[in-house]
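Reading through the structure tokens given below for one structure.
The values are calculated or read from the model by the stated rules, or taken from the named source; none is laboratory data. The structure displayed is predicted, hence computed values, not measured ones. Cβ sites come from the backbone with ideal geometry, for glycine too, and all protein chains shown count toward neighbours.
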């Protein structure tokens with residue numbers, strides 16, 4: 001699958017308030033005889049904060065990988081920012097403004113904070129192949145601006161990421177994702193390994209992204225977090241969408257019933 005040439009890097013025709021930023025239709029993915037995704041329809045509006053929930057094996061991670069070019073769906077269509085698109089790799093997704101923060105964070109532990117923020121986007125003073133010189137001062141200055149814009153506080157940017165706390169590492173990964181003109185940031189269990197204080201700090205950063213109008217998709221098992229941070233929750237079960245609900249008009253109990261299939265059992 002290749003990125004459609006009609007998709008422009010970083011932006012497209014900006015959708016209106018009643019239009020969709022991301023619209024996936026009929027997404028299916030099979031592994032042998034197992035349907036990891038079975039005709040999934042899924043959408044996100046501009047600036048919307050959305051949660052994706054479901055038991056292990058429900059298809060959440062497979063759907064995210066299909067949306068971001070990490071895997072190729074067997075069938076289905078995807079529109080982003082008003083344009084039809086197909087992503088051959090996560091690099092293609094980043095070009096149109098989709099960034100993903102995975103559970104493993106994908107940080108280079110022995111590099112400092114600024115270097116991690118510019119990982120894959122390095123700036124150079126001089127480009128001479130293997131003898132190229134990085135523009136460290138310029139990247140550090142931009143890193144300070146990027147962290148301030150995101151609301152992330154790291155006292156010493158020269159510290160290796162290896163020496164940061166779990167919460168600081170998570171905020172660096174989020175800052176990197178949102179700092180490059182992203183339209184949509186996807187976070188896979190952003191606070192799963194964090195303590196109470198670090199969890200609150202990451203959640204505060206996510207709320208700040210809402211104020212800035214950035215769309216966010218959170219995969220989470222934490223329903224308290226889902227209801228506090230998100231406007232819409234999509235529930236997956238056995239590779240299908242079991243339903244979507246506005247958090248303002250539903251309850252954790254109803255979401256759990258959809259996750260477990262209790263409504264289906266009661267109707268049988």
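To keep it simple, each residue is scored yes or no on (1) at pLDDT 85 or above; (2) within 15 Å of the chain's Cα centre (by Cα).
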residue	(1), (2)
83	yes, no
96	yes, yes
109	yes, no
128	no, no
139	no, no
152	no, no
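Of the residues that make up region 131-154, is at least one exposed (fewer than 15 other Cβ atoms within 10 Å of the Cβ), touching a strand residue (DSSP E or B) at 6+ places or on another chain (Cβ under 7 Å) and touching a residue at least 24 places away in the same chain (Cβ under 8 Å)?
Checking region 131-154: not a single residue is exposed (fewer than 15 other Cβ atoms within 10 Å of the Cβ), touching a strand residue (DSSP E or B) at 6+ places or on another chain (Cβ under 7 Å) and touching a residue at least 24 places away in the same chain (Cβ under 8 Å).
Identify all residues within region 71-119 that are surrounded by 15 or more Cβ atoms within 10 Å (Cβ to Cβ) and free of Cβ contacts under 8 Å to residues at least 24 places away in the same chain; write none if there are none.
89, 90
So which residues in region 158-181 are touching a strand residue (DSSP E or B) at 6+ places or on another chain (Cβ under 8 Å) and surrounded by fewer than 18 Cβ atoms within 10 Å (Cβ to Cβ)?
Listed by number, the residues that qualify are 158, 159, 160, 180.
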